[in-house]
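Let me begin by presenting the structure, written as structure tokens, before commenting on it.
The values are calculated or read from the model by the stated rules, or taken from the named source; none is laboratory data. Please read these numbers as outputs of a predicted model, since none were measured by experiment. Virtual Cβ from ideal backbone geometry, glycine too; neighbours counted across all protein chains shown.
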Amino acid sequence: MKLKVYRYHQGMDSPRYETFELDPNPGLTVLGALFQFQEKFDDSLAFHYSCRGAVCGTCAMLINKVPRLACRTLVNSLLKGDLKVPIFPYPAMGETVPWDPKNEVLVEPLPHLPVIKDLIVNMDMFFQYYKFIEPVFRPSDVNPEKERLMDPDSVKELELYTNCILCAACFGACPVEGQTQEYLGPAALAKLYRFHIDSREGEQTERLKKADIPNGWWACDAYGNCRRVCPKGVPPITAIEKAVEELNKQRSEDKI
Ligand code: SF4
Ligand code: FES
């Protein structure tokens, strides 16, 4: 089994790929394979990780042409073809190098973000959009006398979106993001929707309006790659579709 890794640093005319023979190990993750590469082949390989437990979201990268977390992706499962994700094709998936998926694991940086070095991308744009939606709870009642009770169904829906770990896998998998760099993107919109539906929130209407702009809710073309690649099961496309439905309803009611 081999690891084929994208290498790039500033000053290079174009990236290159390096192939490394891995020590077979049934529990080996792609992150573990990258450590092997560093320890036995080239310690200058750059990549991000922190928790090694699918919690921090820092190790998202393009693995076999699908954005995934390196720390929870097993090399053996990839080689066996068990981890196929039926995502809608987009340009970053097409730019390929000769690669044998039965014997090699291909690791590249997350698409749609500038590469700093090897597998490390600059996340500024992703967080700029996240900051734009103002992901801060603004309660309707600042000092309630009792706890704010919520009905279990609304908590269930809210939890779908609070599970996001900001890994940007959905951002890297979104075909619209590849076409227009100004699109707020699936993660930011899912978070915005999470505040919109929170019954404790004081600015639910304003939240919906915040992304009522061409590069907000309306820019989504409903490819659905975001939901398919999300390692935490967050469905940004569902949030976006529901927000669009609400806005369309409001508009038609305004016309009456
Ligand atoms: S919605 Fe999912 S894929 Fe997107 S940033 Fe959050 S955890 Fe990652
Ligand atoms: S290292 Fe934290 S999510 Fe992978």
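For the range 159-189: of the residues being in contact (Cβ under 8 Å) with a residue 24 or more places away in the chain and among the polar types (S, T, N, Q), which is farthest from ligand 2 (Cβ to nearest atom)?
Selected residue: THR180.
For the range 60-85, which positions are within 16 Å of ligand 1 (Cβ to nearest atom) and either free of Cβ contacts under 8 Å to residues at least 40 places away in the same chain or more than 20 Å from TYR6 (Cα to Cα) (or both)?
Across the range 60-85, the qualifying residues are LEU83, VAL85.
Which residues, taken from the range 190-212, are free of Cβ contacts under 8 Å to residues at least 40 places away in the same chain and in a loop (DSSP other than H, G, I, E, B)?
The one that is free of Cβ contacts under 8 Å to residues at least 40 places away in the same chain and in a loop (DSSP other than H, G, I, E, B): ASP212.
Kindly provide the set of residues from the range 223-249 that are more than 16 Å from TYR193 (Cα to Cα) and either within 24 Å of the chain's Cα centre (by Cα) or surrounded by 14 or more Cβ atoms within 10 Å (Cβ to Cβ) (or both), ordered by number.
Within the range 223-249, TYR223, GLY224, ASN225, ARG228, VAL229, CYS230, PRO231, LYS232 qualify.
Considering only strands (runs of 3 or more DSSP E) fully contained in the range 33-145, which possess at least 3 residues that are within 16 Å of ligand 2 (Cβ to nearest atom)?
Result: 60-63, 66-69.
Residues that are at pLDDT 95 or above, out of contact with any Gly (no Cβ under 9 Å at 6 or more places or on another chain) and not assigned by TED's automatic domain parsing to the domain that holds GLN38: does the range 141-161 have at least one?
Checking the range 141-161: at least one residue is at pLDDT 95 or above, out of contact with any Gly (no Cβ under 9 Å at 6 or more places or on another chain) and not assigned by TED's automatic domain parsing to the domain that holds GLN38.
Can you give me the number of residues within the range 213-222 that are surrounded by fewer than 23 Cβ atoms within 10 Å (Cβ to Cβ) and either assigned to a loop (DSSP other than H, G, I, E, B) or aliphatic (A, V, I, L, M) (or both)?
6
Tell me which residues, restricted to the range 187-210, are within 15 Å of ligand 1 (Cβ to nearest atom) and either on the phi > 0 side of the Ramachandran plot or not aromatic (Phe, Trp, Tyr) (or both). Reasoning before the result, please.
Here is the first cut: in the range 187-210, the ones within 15 Å of ligand 1 (Cβ to nearest atom) are 187-195.
Hits for the range 187-210 are ALA187, ALA188, LEU189, ALA190, LYS191, LEU192, ARG194.
Say whether the condition of being surrounded by 17 or more Cβ atoms within 10 Å (Cβ to Cβ) and among the small types (Gly, Ala, Ser) is met by at least one residue in the range 199-209.
No, every residue in the range 199-209 fails to be surrounded by 17 or more Cβ atoms within 10 Å (Cβ to Cβ) and among the small types (Gly, Ala, Ser).
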